[in-house]
Amino acid sequence: MSADPPDRSITRRSFLKKTALAAGAAAGLISCNPVVPAGRRKFPGRIMGADWKTGHMLLEGRKTAPSATVKTGIVIVGGGIAGLSAARELAKNGCGDFLLLELGGTVGGNAASGANAVSAYPWGAHYVPIPGEEAVFTRELFRELGIIEGYDSKGLPIYNEFYLCADPMERLFIHGRWQEGLVPNIGISGRDKQQYAEFFGMMEGFRRARGADGRRAFAIPLELSSADERFRRFDRMSMRRFMSVNGWDSEPLLWYTDYCCRDDYGSTLDDVSAWAGIHYFAARDGRASNAEPQAVVTWPEGNGWIVRRMAEPLHDRIRCSSCVLNIGRSGSDIATDVFDSRTKTVTRVVSQAVVYAAPRFTAMKTIQDLRDRPSPYVKDFGYAPWVIANITVRGIPAGKGAALSWDNVVYKGESLGYVDAGHQDISYYRDKTVMTYYKPLVPGDPAAERKRALGTGYDIWAEMIVRELSAIHPGIEQAIEELNVWIWGHAMIRPVPGFIWGEARQAALKPLGRIHFAHSDMSGISIFEEAQYRGIMAARAAVNSV
Amino acid sequence: MAYALLLSVFIISTCGLVYELTAGALASYLLGDSVTQFSIIIGVYLSAMGLGSWLSRHIVRNVITVFIEVEMLIGLVGGCSSALLFTLFEVSAYFRSILYLLISVTGVLVGLEIPLIMRVLKNRFEFKDLVSKVFTFDYIGALFASLLFPLILVPYLGLIRSSFMFGIINVLVALWALRLFKDEVRWAKGLAGTAFFLLALLATGFVWSGSILQFTETLGYKGDIIYAKTTHYQRMVLVRDADSLQLFLNGNLQFNSRDEYRYHEALVHPGLGSIKEPKDVLVLGGGDGLALREILKYGTVRSVTLVDLDPAMTNLFRTHETLVALNKGSLNSPKVKIINADGFVWIRENRRLFDFIVVDLPDPSSFSLGKLYTSTFYRFLDRALAEDGVIVIQSTSPFVARKAFWCVVNTLRSVGLETTPYHVYLPSFGEWGYVIATKRPFVMPDRFMPGLRFITPETAKAMTGFPPDMGEVATEVNRLNNQVLVRYFEEEWARYVR
Ligand SMILES: Cc1cc2nc3c(=O)[nH]c(=O)nc-3n(C[C@H](O)[C@H](O)[C@H](O)COP(=O)(O)OP(=O)(O)OC[C@H]3O[C@@H](n4cnc5c(N)ncnc54)[C@H](O)[C@@H]3O)c2cc1C
């Protein structure tokens, strides 16, 4: 019994303020202190991320001769979502004779995660939207993992409510306060509203649209989208151009669409094809018995939760710390040389087929045939660099307006803001949490940004991140217990104009003999469903090829 | 003498900046959003200073006297500003206006200082020297203040005390100037007297500033605070007013001893009285032991598990004499097991079955509390409930928050439980609502144990009827992923309180 009594002797206003004060004071996030005292950093942290190690391993490994040979049916290179999906598919279909080789110390790839005493947290992918009509594989997997618990009388999936992203989901810091939702609605004009209505109306139209071939205009997996030129033509223009030919120049709308491009593709409106840009809004059609259509599933460790559950039953066929150096021929078989970075030995794995589920750009270095006859399309595979930080803080980052949400974004901010890793926690009282900060390195040329990112030291990253967060949470520096940074040099494929439906991707999709290509790169869009689809399709093709 | 005055330039500019920083910090502290607050405060303050400088031209005679008076005024206004603002924040609806007014007044006065001092000094230096010297000291003072404020004043003195201290310094400057110019000043004696009075006032404020902070809290309560403590989780305040005792958590009334028996009898007896031989009982929340007092009146009950987050709360109600008298020592009963844990986390792990479950948690006024009213939470309650057991849930006011109340009912139904909503009138709270949830249809008992002060078969019957103004309304189901209840609750209570 604890609401305000009618004859309250204390007003609700003062209660709200008091609790806000108490929360803020506990959080140490209310600043009475406008000047951040200069001096030493007060928290530990370091730069993580495997990118820089790879080249080193390749160099070291190439100098070593294979000391053993093993045989297996199929080799899977790479243990991201694509590789794990391929492995699951093989195991499910009675082709248990395979080996998955993963460069990192654990599987997961871009869905890597970490944990400390406060919370688990993602280092990359952190959610999956509830799957729609065409995402059959994802729905099946979700049922197997208990993310979908059953179906209601209308056939709609019932989701495990601990995995559905808890409310409140999103907030935006704009004009000095937090609003609910990410589409700016504070201080917008009638003209902005008009353009919102037009834009979202058109996206809704695309969501329902089907081409002459009867397929949905924009589908996930994207391979199942309509081939109708009415829609595919959008791939040849940039999202920026698409916005301008429709006469949309509203600043908040352009900001929002640019934010979405950076969020999903790590690239700006100028660099993302309009087809990909529209796909973001028009492809998702998932429905659920107990959630809204735009719902997502998530965990403290992000998609790392799915990774763990996928990998568990396969653990005896997964080799981590195993860097594939070379894929060549051995008679009619394929010889994969793999460097074990712990034992510093090279093993030759002889197999009948290979599922190549590592990023496509690495194939040019590891596959003998591609080294001998370089593809003219190599340069078409471009990658966006990203920086992620996990920041453990005392107190819960609050602020004026909408309450702390899962996704916390800043209008016109430098980064994408942060995700509260502790968001799915059901306990009433949280006195610490981990903020996962996301930043695609735009708008510069990706290669230059990558180089600069890898050359930038921890202190500079920490300072930049803290400075950015201090603007929305004054005094947060005092509340930080730990701040670690992860630099993804080649985080995700860039769906630049012409890439998704152009020749380079089509050419790269063709198997090289019995080497089949998986990985989300092969879709040109880096999302869970695409990685999974590519993995399963490549595994099926590999089985058929032997 | 000239250098003494330059030194006072340094001091007064330090004071001036400290007031500005204090106001900015205080505004962002109380109102949140420091960037906006700071910008507005700085803007208002600077423009008021401009106004002050401009006004200085109208002071033609007795420049030095005016200067001394201005110093004393700044000492008074600036010195008391923090204490005043803290106090007014609690009681005034016009806090912002008062804040800006106070800032403007301080700004105008501070704006007067430098032009006046320059005029006092104008005959002692050459003009270009004068300008350069005065402004140098002015800026050094500003630098000094901007370092002093965050590094020393805020951490060691706090805002209220810092203001008082700088008020004292301003008055001391006035006294010093009075000494230097005692021949030129009119009413020197009167001024000195006022200055000493101000000094005494400000010094008292400085010494008592701790109690000022406390006082601001007591303004919120009618009656005497007999116990106050900020625990790890909440602020607990016990207030005695005449012969009644009230507990506030985070400023929210939990019970009033005058009529709490109504609330707790209505919470416990309809449900528990309907069970043939209740044995195992679970209480979620209810750390005050008052629901427990009612439960222990049933002889067949052999174990009660009480899960309350805050050990400070259960300890207080186990040991404080007045409170133990109120709950009849229920928390010390050997049948009772107290678990200080999070209710949701605990029930999720729980595998025991209970005949009677009482959910006596705070209203869903935040997202973290809203979780304790979701379908997911109720599924765990259902799992913990014996086949013919009863759950009862305190469910806010169906009069004030009608949608919120029926949302609780609908959410319980959505997980397959039978519901029996009811309500009672509590003088301290108004119309209050409860929901009974069962696996089988519930029948209200037609007999109750003797000795109850409120629940009788008649009152119990009347409780389940809802007049049209509290009647059932359609609502969504409250889920972890939509938290509709918190939104209904916020909206309805905000409308009511306004
Ligand atoms: C910061 C970030 C955030 C993201 N957020 C989301 C999100 O929220 N939701 C979403 O759906 N998607 C997100 N993504 C996209 C994500 O990339 C995909 O969802 C998916 O995880 C990609 O899986 P993959 O298997 O295709 O590729 P990867 O994860 O890149 O897997 C490739 C694997 O190959 C291994 N490898 C590389 N070279 C070798 C070698 N020589 N030998 C052996 N192994 C090798 C790598 O170590 C890696 O484990 C995000 C990506 C990033 C970078």
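Observations on the model:
- Of the GluC sites (Glu not before Pro) in segment B:402-498, the ones in a loop by DSSP (not H, G, I, E or B) with at most 15 other beta carbons within 10 Å are B:472, B:476.
- Taking a point 7 Å out from the Cα of residue A:136 in the direction of its Cβ, the residues of segment A:212-250 whose backbone N falls within less than 13 Å of it are A:221, A:224.
- Of the solvent-accessible surface of chain B, computed with a 1.4 Å probe over protein heavy atoms with every protein chain present, carbon and sulfur atoms account for 60 percent.
- Taking Cα atoms only, the orientation of helix B:2-31 departs from the longest principal axis of chain B by about 20 degrees.
- For a paramagnetic label modelled on residue B:446 (point 7 Å from Cα along Cα→Cβ), amide N atoms under 17 Å away are absent within segment B:404-426.
- Accessible surface of residue B:320 - all protein chains present, 1.4 Å probe, nearest 10 Å²: 50
- Residue B:47 versus residue A:245: modelled label distance in nm, points set 7 Å from Cα along the beta carbon direction: 4.9
- Candidate residues B:230, B:14, B:300: accessible-area rank, largest first, probe 1.4 Å: B:230, B:300, B:14
- For chain A, the antiparallel share of DSSP beta bridges with both residues in that region comes to about 70%.
- Solvent-accessible ranking of A:154, B:229, B:222, largest area first, probe 1.4 Å: A:154, B:222, B:229
- Spatial offset of segment A:129-177 relative to segment A:68-95 amounts to 28 Å, using the alpha carbon center of each.
- Cα gyration tensor, segment A:195-282 - rounded (a/c under 1.5), prolate or oblate: prolate
- Largest to smallest accessible area among B:407, A:95 [probe 1.4 Å]: A:95, B:407
- For residue A:193, the solvent-accessible surface computed with a 1.4 Å probe is close to 120 Å², ligands and nucleic acids excluded.
- Net charge in the neighbourhood of residue B:12 (other residues with Cβ under 13 Å of its Cβ; Lys, Arg +1, Asp, Glu -1) is -4.
- Take each residue of peptide A:285-294, count the partner chain Cβ atoms within 10 Å of its Cβ, and average: the result is 2.
- Summed residue charge, Cβ within 15 Å of residue B:289's Cβ, Lys/Arg positive, Asp/Glu negative: -2
- Cross-link reach is defined here as a Cα-Cα straight distance under 16 Å, omitting same-chain residues fewer than 8 places apart; for residue A:71 the aspartates and glutamates meeting it are A:97, A:316, A:333, A:337.
- Here segment B:259-493 carries DSSP beta bridges of which approximately 40% are antiparallel, counting only pairs with both residues inside.
- Note on residue A:89: accessible area is roughly 20 Å² with a 1.4 Å probe, heavy atoms of protein only.
- Among the trypsin sites (Lys or Arg not before Pro) within segment B:356-456, those in coil by DSSP and having at most 14 neighbouring Cβ atoms inside 10 Å are B:447, B:453.
- Cα gyration tensor, segment B:259-493 - rounded (a/c under 1.5), prolate or oblate: rounded
- Bridgeable lysines around residue A:193 (alpha carbons under 29 Å apart, same-chain partners fewer than 8 residues away excluded): A:400, A:412, A:439.
- Cross-link partners of residue A:42 among aspartates and glutamates (Cα-Cα below 13 Å; sequence separation of 8 or more within a chain): A:459, A:463, A:477, A:481, A:482
- Among beta bridges that DSSP assigns inside the protein assembly as shown, antiparallel share in %, nearest 5: 65
- Accessible surface, segment B:69-208, averaged per residue in Å² (probe 1.4 Å): 49
- Rounded to whole numbers, the Karplus 3J(HN,Hα) couplings from phi for segment A:531-541 are 4, 5, 4, 5, x, 5, 5, 5, 5, 4, 5 Hz, using 6.51 cos²θ - 1.76 cosθ + 1.60 with θ = phi - 60°, and x at Gly and Pro.
- Cross-link pairs exceeding 19 Å between alpha carbons, from the set B:122/B:189; B:297/B:337; B:297/B:335: B:122/B:189.
- Residue-wise HN-Hα couplings along segment A:97-107, as the Karplus relation 6.51 cos²θ - 1.76 cosθ + 1.60 with θ = phi - 60° gives them from phi, are 8, 8, 10, 9, 10, 10, 4, x, x, 9, 7 Hz; Gly and Pro carry x.
The values are calculated or read from the model by the stated rules, or taken from the named source; none is laboratory data. All values reported here derive from a predicted model rather than from experimental measurement. Counting neighbours? That spans all protein chains shown, and the Cβs are built from the backbone with ideal geometry, glycine included. The area values use the complete protein model at the heavy-atom level, side chains included, leaving out ligands, DNA and RNA. Shrake-Rupley method; radii C 1.70, N 1.55, O 1.52, S 1.80 Å.
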